[in-house]
Amino acid sequence: MTKRVLILSQSDRWHKLEDLGARIVRWLGGLEGVETETCHDKAALAGGQLDGYDVCVLCATMSGLTAEQERAVVDFVAGAKSLVGIHSATVVDEERTAYIDLIGGRFTHHSPYHEFEVRVVGQRHPITAGVGDFKVQDELYVLDRAPGGAQVLATALWEDQAQPLVYAKKHGQGQIVYNALGHDDAAFDHPAFQKLVVQGIEWACQEAR
């Protein structure tokens, strides 16, 4: 059965996320049974517009998310669908507590832009299959909490702590994948980042019902 994937990509003053969204469409081109559509406005999250999709990919900074959009995304995942958040998908207004609980945490700050090592951790998982530890030039995001109930798949050390960079977690009948990498072309062009994104979306499609 074909799985329909909506990619919400929205650039901001710091991130060329519409470029990332277009790249993801190309990267997914080799997957059988996956159909992608792209939009650039958070309004697409509400008003029943997620109906008919199996996976929603957020390549967007989520500040400004409305209560209606928040409820629609939470209900979408709870109804056995999948959400994939990339990089600034955890940048959201603090009053959006349901979304923060859903995605696993809220961005508080990041390291200076620098090269750091990403370590693949935990049990084997389809998202990290074939990916070993690697170095990348990026921002290292710090969240306000450990993602509750999540299987952490990759971490990096900052402020004397292993920060969760890639994880998967369940909500209701659905699944969430979050990948904190992806500030700019240095990440976009990195084969390990590309593989983590593609395999994350592929797994999200397989899990969606």
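The values are calculated or read from the model by the stated rules, or taken from the named source; none is laboratory data. What you see is a predicted model; the values in this text were computed from it and never measured. Note that we place each Cβ from the backbone using ideal geometry, even for glycine, and neighbour counts take in every protein chain shown.
Note on segment 35-49: residues that are in a loop (DSSP other than H, G, I, E, B) and either of a type in the set (D, E, K, R) or more than 18 Å from the chain's Cα centre (by Cα) (or both) amount to 5. Taking the listed residues ARG26, ARG4, the one that is of a type outside the set (Gly, Ala, Ser) and out of contact with any strand residue (DSSP E or B) (no Cβ under 6 Å at 6 or more places or on another chain) is ARG26, with no other qualifying.
Yes or no, residue by residue, for (1) buried (at least 17 other Cβ atoms within 10 Å of the Cβ); (2) touching a Pro at 6+ places or on another chain (Cβ under 7 Å):
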site	(1), (2)
GLY149	no, no
VAL152	yes, yes
ASP160	no, no
LEU165	yes, no
LYS170	no, no
GLN173	no, no
VAL177	yes, no
ALA180	yes, no
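Can you spot a residue in segment 74-83 that is of a type in the set (Gly, Ala, Ser), in contact with a helix residue (DSSP H, G or I) (Cβ under 6 Å, 6 or more places away or on another chain) and touching a residue at least 40 places away in the same chain (Cβ under 8 Å)? Yes: one or more hits. Could you go through segment 108-116 and let me know if any residue there is under 20 Å from ALA187 (Cα atoms), of a type in the set (Gly, Ala, Ser) and surrounded by fewer than 19 Cβ atoms within 10 Å (Cβ to Cβ). Looking for residues that are under 20 Å from ALA187 (Cα atoms), of a type in the set (Gly, Ala, Ser) and surrounded by fewer than 19 Cβ atoms within 10 Å (Cβ to Cβ), one finds at least one in segment 108-116, hence yes. Of the set (1) over 22 Å from ILE127 (Cα atoms); (2) assigned to a loop (DSSP other than H, G, I, E, B), all apply to ALA72 but (2).
Residue-by-condition table, conditions (1) farther than 28 Å from ASP54 by Cβ; (2) touching a Lys or Arg at 6+ places or on another chain (Cβ under 7 Å); (3) at pLDDT 95 or above:
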residue	(1), (2), (3)
THR97	no, no, yes
HIS110	yes, no, yes
GLU117	yes, yes, yes
GLY132	yes, no, yes
TYR141	no, no, yes
ALA154	no, yes, yes
VAL166	no, no, yes
LYS169	no, no, yes
GLN175	no, no, yes
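Screening LEU20 with (1) under 18 Å from LEU196 (Cα atoms); (2) in a strand (DSSP E or B) gives one miss only, at (2). Quick check, is THR36 out of contact with any Cys (no Cβ under 9 Å at 6 or more places or on another chain), surrounded by fewer than 16 Cβ atoms within 10 Å (Cβ to Cβ) and not hydrophobic (A, V, I, L, M, F, W, C)? No: the conditions fail for THR36.
Kindly check whether there is at least one residue in segment 127-141 that is farther than 13 Å from PHE193 by Cα, surrounded by fewer than 16 Cβ atoms within 10 Å (Cβ to Cβ) and either within 18 Å of the chain's Cα centre (by Cα) or acidic (Asp, Glu) (or both). Within segment 127-141 (the criterion being farther than 13 Å from PHE193 by Cα, surrounded by fewer than 16 Cβ atoms within 10 Å (Cβ to Cβ) and either within 18 Å of the chain's Cα centre (by Cα) or acidic (Asp, Glu) (or both)), the answer is no, since none of the residues qualifies. When segment 52-68 is examined, which residues are found to be over 16 Å from SER9 (Cβ atoms) and at pLDDT 95 or above? Scanning segment 52-68 gives ASP54, THR66, ALA67, GLU68. The sole residue among GLY64, GLY47, GLY33, GLY104 that is in contact (Cβ under 8 Å) with a residue 24 or more places away in the chain and in contact with a Pro (Cβ under 8 Å, 6 or more places away or on another chain) is GLY104. Of the residues making up segment 158-209, those that are within 21 Å of ALA78 (Cα to Cα) and small (Gly, Ala, Ser) are ALA168, GLY172, GLY174, GLY200, ALA204, ALA208.
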